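The values are calculated or read from the model by the stated rules, or taken from the named source; none is laboratory data. Not measured: the values here are computed from a predicted model. Don't worry about glycine lacking a Cβ; one is built from the backbone with ideal geometry, like all the others, and counts go over all protein chains shown.
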Amino acid sequence: MAGAVRIGHAARPRSGERPREKGESGMILELSTILESGGGPLLLAQAEATGAGGMETASRTIHLIAAMFAVGSIAHKLLALRPAIQVHPAPETVLLARRRWTPITHTVILLLIVTGLYQLMTAGLAKGEADGGYHMWFGMKFLAAMAVFFLMSVLGGRSSLAERLRQQDGRWGTIALLLALAIVVISVQLRENFG
């Protein structure tokens, strides 16, 4: 079922699968096309093995895809688009790139905030009560994310502040990329230490 998304309850196991035990999750989530080359199948397999429901799996998957877009768009803008514009500065190209980047940025930020808050409310608060260091790591990740969101938004914005920051877009883009990579490292720490 390439390209299809199916979320539902499995009434019986598929051929080759072991029968499910009573109380074991029967949720299935197939995101075949977009996730086969990335970490999606591992995430889905882990969710199935741990009994995570479809909403948790979907939220985590959407969060990871949005994070990939965020980090990738910052890296692309800094490492490919910026040098190309310096060689061939065409004002209409710069304006067009900014106009196309801004809605993507806003969508990615919205998805990251919504799925991040969902994950915090469903699992993070319980982890924080059980493990003292969780809130410290999450707080660092949250603050770094807010800084990245601000830089992503302002570098594509139309305000006078945006214009001033874009005059040094190499510096601010590098800071945004380093913060985004720090968020990835913190996320790995959270996953490794707190499940």
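For H135, which of the numbered conditions (1) surrounded by 14 or more Cβ atoms within 10 Å (Cβ to Cβ); (2) more than 18 Å from I113 (Cα to Cα) fails to hold?
Status for H135: all satisfied but (2).
Regarding region 119-131, can at least one residue be identified that is polar (S, T, N, Q) and more than 30 Å from S59 (Cβ to Cβ)?
No, that holds for no residue.
May I ask you to list the residues in region 155-174 that are of a type outside the set (A, V, I, L, M) and under 17 Å from T105 (Cα atoms)?
The answer is G156, G157, R158, S159, R166, D169, W172, G173, T174.
Considering only region 75-118, state which residues are aromatic (F, W, Y) and either modelled with pLDDT under 85 or touching a strand residue (DSSP E or B) at 6+ places or on another chain (Cβ under 7 Å) (or both).
Passing the criteria: only W101.
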